[in-house]
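Here is the structure we will look at, set down as structure tokens.
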Ligand SMILES: CC(C)(COP(=O)(O)OP(=O)(O)OC[C@H]1O[C@@H](n2cnc3c(N)ncnc32)[C@H](O)[C@@H]1OP(=O)(O)O)[C@@H](O)C(=O)NCCC(=O)NCCS
């Protein structure tokens, strides 16, 4: 999950007698394809971070898992899922070029079944299927973990994280500009503005409408003469709270939208942007931690530039990552 370093989560883990867990593991079946929604919902609600609602927060990834054949799970003899991973195609626009990527997410193992290799096998299943379907890059929005490092994922992508303090009630909007709350009816205008960014994910209008319906996704839209001239988005489900993870449009109007977002949130906001683009506002803080650049994703290149060793797919992965074009994934697209 994105921005885990800002939004710390506790991990659930329970202990069972070793013999019992060994026999349970032996009875599991690995399934791939279209998963059943309700058992999947139960696993995610109980075992991702203990809070319900991920099915609604990741509509595109869930759709991919239940109806596009891109779900991977371990199922117990009663039909319950005890581990899950899924992916969806993400087309990265990198200036004049495009890159086919696979966004892998909702990697979850039932707390009693962890550290048995279940998630590793499912993530590898996602990677192999994505590669077969033409993906050049696999992406995982997660804090670095040894499990992902072993599968060939390394920190990648360059993102600026800057604190927006706002000026509070003294904020002035440019003449003729007003800011209001936005929503799914603004999807067309937002998409048009987003396309001014040279690095982004190609997103359909219907996908954006579904993403804007994710709970706790707050859109602030700046308008002039009834035309949307800038916007910013704070929050996405349980993730990215207090974080503006997408913005676009005219600079002064955008600052107005950020001021409104800041006032609505009640605290300074972290604003994300691709490191290769100018940030949307000038930093005011003196603390270097308030304006930093870091990696935003774990990635594994699936492009094989030479040697193909079927015994070790990871040997293909890491070296060519640096040869891929610059890319960026705005918050709504992850995943
Ligand atoms: C992260 C998570 C999915 C890992 O699931 P898992 O099934 O335990 O993962 P694995 O067993 O494949 O790998 C975990 C570790 O067990 C080790 N392992 C694998 N097989 C093993 C075995 N047979 N015996 C002992 N350890 C084993 C792995 O090497 C790995 O070690 P590492 O910690 O050094 O990386 C699980 O902890 C979870 O659901 N967490 C909550 C949700 C979450 O944070 N998801 C990730 C963000 S998308």
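Can we say residue 51 is within 13 Å of the ligand (Cβ to nearest atom), exposed (fewer than 15 other Cβ atoms within 10 Å of the Cβ), modelled with pLDDT of 95 or more and part of a loop (DSSP other than H, G, I, E, B)? Answer is yes for this residue.
Please verify whether residue 69 is surrounded by fewer than 16 Cβ atoms within 10 Å (Cβ to Cβ), over 19 Å from the mean Cα position of the chain (by Cα) and modelled with pLDDT of 95 or more, treating the condition exactly as stated. For residue 69, the condition - surrounded by fewer than 16 Cβ atoms within 10 Å (Cβ to Cβ), over 19 Å from the mean Cα position of the chain (by Cα) and modelled with pLDDT of 95 or more - is met. If residue 265 passes every condition in (1) crowded, with 16+ Cβ neighbours inside 10 Å; (2) closer than 13 Å to residue 162 by Cα but one, which one does it miss? Unmet condition: (2).
When every residue of the range 31-44 is checked against the conditions, none turns out to be touching a strand residue (DSSP E or B) at 6+ places or on another chain (Cβ under 7 Å), farther than 29 Å from residue 210 by Cα, modelled with pLDDT of 95 or more and surrounded by 13 or more Cβ atoms within 10 Å (Cβ to Cβ). Could you check the range 108-117 and list, in sequence order, the residues that are surrounded by fewer than 23 Cβ atoms within 10 Å (Cβ to Cβ) and either under 19 Å from the mean Cα position of the chain (by Cα) or near the ligand (Cβ under 6 Å from one of its atoms) (or both)? Of everything in the range 108-117, those that are surrounded by fewer than 23 Cβ atoms within 10 Å (Cβ to Cβ) and either under 19 Å from the mean Cα position of the chain (by Cα) or near the ligand (Cβ under 6 Å from one of its atoms) (or both) turn out to be 114, 115, 116, 117.
For first residues located in the range 38-50 and free of Cβ contacts under 8 Å to residues at least 60 places away in the same chain, partners that are surrounded by 21 or more Cβ atoms within 10 Å (Cβ to Cβ) and lie 6+ apart or on another chain with Cβ distances below 6 Å form the pairs 39/81; 40/81.
The residues listed here are 93, 82; of these, the one that is touching a residue at least 60 places away in the same chain (Cβ under 8 Å), in contact with a strand residue (DSSP E or B) (Cβ under 6 Å, 6 or more places away or on another chain) and either away from the ligand (no atom under 11 Å from the Cβ) or farther than 28 Å from residue 326 by Cβ (or both) is 93.
The values are calculated or read from the model by the stated rules, or taken from the named source; none is laboratory data. Note that this is a predicted model, so its numbers are computed, not measured. Neighbour counts run over all protein chains shown; Cβ positions are idealised from the backbone, glycine included.
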